[in-house]
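Inspection log for the structure reproduced underneath, given as structure tokens.
Where a number appears in this text, it was derived from the coordinates with a stated rule and is not lab data. Here the structure is a predicted model, which means the values were calculated and not measured. Don't worry about glycine lacking a Cβ; one is built from the backbone with ideal geometry, like all the others, and counts go over all protein chains shown.
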Amino acid sequence: MGLLGVGSDAAELSTFPPLPPHYPHHYPPAPPPPPGTCQWCGHCCGSTKQAVPKWPVSYRMNDSTVVMPCNGTGLIDPTNPATNNFSRWGFVSVDWSNGKDGPTGWTKVRPMDAEGPLVEQAALLKAANPAQKVGVYRQLVQAHPWFPSVAEKLRDSQYSGWFLPYKDKTSPTVAPRCDTPDPPQKKVCSQLFHGDQQVPRYPPTNSAK
């Protein structure tokens, strides 16, 4: 048995079972995945199939490199040396805040639309290098309303079970329940759990008026 001392009094000692050794073979084996399940690490979990890229194998470093670019003030010119010539990399995953600000930033549009510029950026990358693999940002945990496809679900009552509501209408919350959009719009409140970190606003809240 292991002992955990709390203070100096023997009566305050609590007993815990010994910790297992930190060796994988001392842990019980993981149950086998369902038949036909694809796994990145098939030899670790008993799967006979692995999810691997279907494109041809290349041992060139640039073809094996994944980058996640973001230009906050507009779309990226894939062939511009000043932007590190993103057309040369094998896989590009475009960040959600790409093109967020600047003269034509998507934060100026009401309602905001981050999806359209992401698709436009992906098209520019593919045009510069058709062999390049291109992906765009998707959030698996939070529902970002500046994606129109997500905002549509947030406003549709038949999808209300997809999102977490506050337990009541009076308890303190980390982020304000209500927010004031750009004038002359009225205050908007939501009973769905939400945060205010990295929320795009235009003009920025700390900018000079």
(request) Sum up the charges of everything whose Cβ sits under 14 Å from the Cβ of SER87, counting Lys and Arg as +1 and Asp and Glu as -1, but leave SER87 out. (result) +1
(request) Enumerate the residues in segment 118-142 having an amide nitrogen under 19 Å from the point lying 7 Å beyond the Cα of ASN62 toward its Cβ. (result) 124-135
(request) Would you list the P(r) distribution for segment 63-131, with all Cα-Cα distances sorted into 5 Å bins from 0 and each bin expressed as a whole %? (result) 4, 18, 28, 25, 14, 7, 3, 0
(message) Test of understanding: ordering ARG110, ARG138, ARG88 by Cβ neighbours within 10 Å, fewest first, what list do you get?
(response) ARG110, ARG138, ARG88
(message) Could you work out how much longer the chain between LYS108 and ARG138 gets when fully extended? Use 0.36 nm per residue separation minus the Cα distance between them, nm to one decimal.
(response) 8.7 nm
(request) Would you give the gap between the C-alpha center of segment 147-194 and the C-alpha center of segment 103-122, rounded to a whole Å? (result) 21
(message) Restricting to Cα pairs below 8 Å that are 6+ residues apart, what does the relative contact order work out to for segment 62-136? Please round to a whole percent.
(response) 34
(message) Could you work out the percent of alpha carbon pairs in segment 76-196 separated by over 16 Å, rounded to a whole number?
(response) 70
(request) Name the long-range amide H neighbours of GLY135: under 5 Å, sequence gap of 5 or more, or other chain; modelled H, no Pro or chain starts. (result) VAL92, SER93, VAL94
